[in-house]
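Contents: one structure, followed by commentary.
The values are calculated or read from the model by the stated rules, or taken from the named source; none is laboratory data. Because the structure is predicted, anything quoted here is derived from the model rather than measured. Don't worry about glycine lacking a Cβ; one is built from the backbone with ideal geometry, like all the others, and counts go over all protein chains shown.
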Amino acid sequence: MNTDTIAAIATAIGSAGIGIIRVSGEKSIDIVDLIYRNNKNERTLKNFKSHTIHYGFLYDENEIIDEVLVSIMKKPNSFTVEDTVEINCHGGIVVLNRILEIIIKNGARLAEPGEFTKRAFLNGRIDLSRAEAVMDIISSKNEMALKNSVKHLRGDIYEKIKNLREDIIFEIAFIESSLDDPENISLDGYTNKLYIKIENLIHEVNKLLLSAENGKIMKEGIKTVIVGKPNAGKSSLLNLLVGEEKAIVTDIAGTTRDILEENINIGGITLQIIDTAGIHFTEDVIEKIGVEKAKKYMKDADLIIYVIDSSVPLDENDFEIMKLIENRKSIILFNKSDLDASVSSKNIMDKIKNDVIIIKTSTKEKTGIDNLEAAIKKLFFKGEIVFDDEVVITNLRHKEALKDTLFSLKQVKKSIENEMPEDFFSIDLMSAYASLGKIIGEEVEEDLVNEIFSKFCMGK
């Protein structure tokens, strides 16, 4: 275990009323006490109780640097389970950097990204899933992602994984004990009971894996592409969703020739939204490139919003787009619904085999957006977003570990069906147990731990 005392600026860099510098480690209180004085010019931090805050000044030798409030948290009752000091000073970048330099000069070293949380994990304060939830909270893009990350921080993943591992280790222990002591521990009828238990475990792991699709959307957003013919109102829709003029809008067809990308929040859902060039036949070289880019982005999209100018009849360009969105999650907008309609739902249904959602909108009148929001929720969250007691997987590393777990459990089931010896069950059960342990950090290598925490922000 590294016993260095570490320090870092824990608040965002820039002008602010307050800035915080965090110091953690064996010598943290001693180091800050070297530069701290109370209003009586006394060094006193070592004498104070844990979880108290004290007014005073920080000095560099005889020069006053800043007026501060210093919080003391003595081990083991701190985030890192080490002695920790937090200095609340004024939030200017110059004063923050000056104080950090003085702390380092007096014996601390600059913390690596995520090192405070890494120490909390290594010292047993939090498991790895909770540690990753810390960074997920910081990087949350919407209310849904934030709520789910807070649940993870409170331990919902840890508790679920712990319970699954307890079920598995019980079966491993029973098998091993019976093989070591067959006279006293009988395996008669055991395989039938184990088969039922494995099916239940497979069901639980499958539920977690199925939640990963929603989890990805919660965390990263819905990759959304707006497509349509030129002058259908795609850029107007983007501007309306964003709330400002991001795209140039004119009556001239083909104004949008390149890709415009924006992250927007609609009803608590993040859309990674891309406005594409109008899809149509053209001899213009630049427009052709834009059209091909639009088709490429459609292939990778989670959601396609197809904007139709409902005031003009459909043509071959529309029919080509309809082929591209078949069997894809799509919403069709009959835009310019404030004008006389030349397109009906039947025109669409005659050309597209699968069910699609059709909504009337007018970007000019700013109508239909609420219906679009409801349609997106229906497509991705069955019409509602709930957080009850369900565990939602948002981490790709967790998803891969669960896939490995599922494979091992299915191997156990297969071995039972093939009437293999009991020690075969034990081998695959142990693999499942280890895969689940990777999620909470009980079966994880040091290199992976270092990689995970290297992605954290400085001072956390």
Inset, instruction - Being surrounded by fewer than 17 Cβ atoms within 10 Å (Cβ to Cβ) and hydrophobic (A, V, I, L, M, F, W, C) is the filter here, so list the residues in the stretch 66-94 that pass it. - result: LEU69, ILE93, VAL94
Inset, instruction - Would you check if ILE226 is surrounded by 14 or more Cβ atoms within 10 Å (Cβ to Cβ), in contact (Cβ under 8 Å) with a residue 12 or more places away in the chain and in a helix (DSSP H, G or I)? - result: no
Legend entry - Lone qualifier among ALA16, ALA12 - being more than 24 Å from ALA131 (Cα to Cα), at pLDDT below 95 and surrounded by fewer than 15 Cβ atoms within 10 Å (Cβ to Cβ): ALA16
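Condition (residue is within 30 Å of ASP428 (Cβ to Cβ) and surrounded by fewer than 14 Cβ atoms within 10 Å (Cβ to Cβ)) applied to the stretch 376-389: is it met by at least one residue?
Yes, there is a match, as at least one residue in the stretch 376-389 is within 30 Å of ASP428 (Cβ to Cβ) and surrounded by fewer than 14 Cβ atoms within 10 Å (Cβ to Cβ).
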Legend entry - Looking only at the stretch 154-170, and only at residues there that are crowded, with 19+ Cβ neighbours inside 10 Å and of a type outside the set (Val, Ile, Thr), the one that is farthest from GLU262 (Cα to Cα): ARG165
Legend entry - Pairs with Cβ under 6 Å, 6+ apart, first in the stretch 10-25 and over 18 Å from ILE65 (Cβ atoms), second in a loop (DSSP other than H, G, I, E, B) and among the hydroxyl-bearing types (Ser, Thr, Tyr): SER24/THR80; GLY25/THR5
Inset, instruction - Just give me the residues in the stretch 171-196 being within 18 Å of MET430 (Cβ to Cβ), polar (S, T, N, Q) and either within 30 Å of the chain's Cα centre (by Cα) or exposed (fewer than 14 other Cβ atoms within 10 Å of the Cβ) (or both), in sequence order. - result: SER177
Legend entry - Given (1) over 30 Å from HIS203 (Cα atoms); (2) touching a helix residue (DSSP H, G or I) at 6+ places or on another chain (Cβ under 6 Å); (3) among the aromatic types (Phe, Trp, Tyr), index of the condition PHE116 fails: (2)
Inset, instruction - Tell me, please, whether a residue that is modelled with pLDDT of 85 or more, touching a helix residue (DSSP H, G or I) at 6+ places or on another chain (Cβ under 6 Å), among the β-branched types (Val, Ile, Thr) and under 17 Å from VAL412 (Cα atoms) can be found in the stretch 160-168. - result: yes
Inset, instruction - Only residues that are surrounded by 15 or more Cβ atoms within 10 Å (Cβ to Cβ) and in a loop (DSSP other than H, G, I, E, B): list them for the stretch 421-442, please. - result: GLY441, GLU442
Legend entry - the stretch 96-134, residues that are small (Gly, Ala, Ser) and either buried (at least 20 other Cβ atoms within 10 Å of the Cβ) or part of a helix (DSSP H, G or I) (or both): ALA108, ALA111, GLY114, ALA120, SER129, ALA131, ALA133
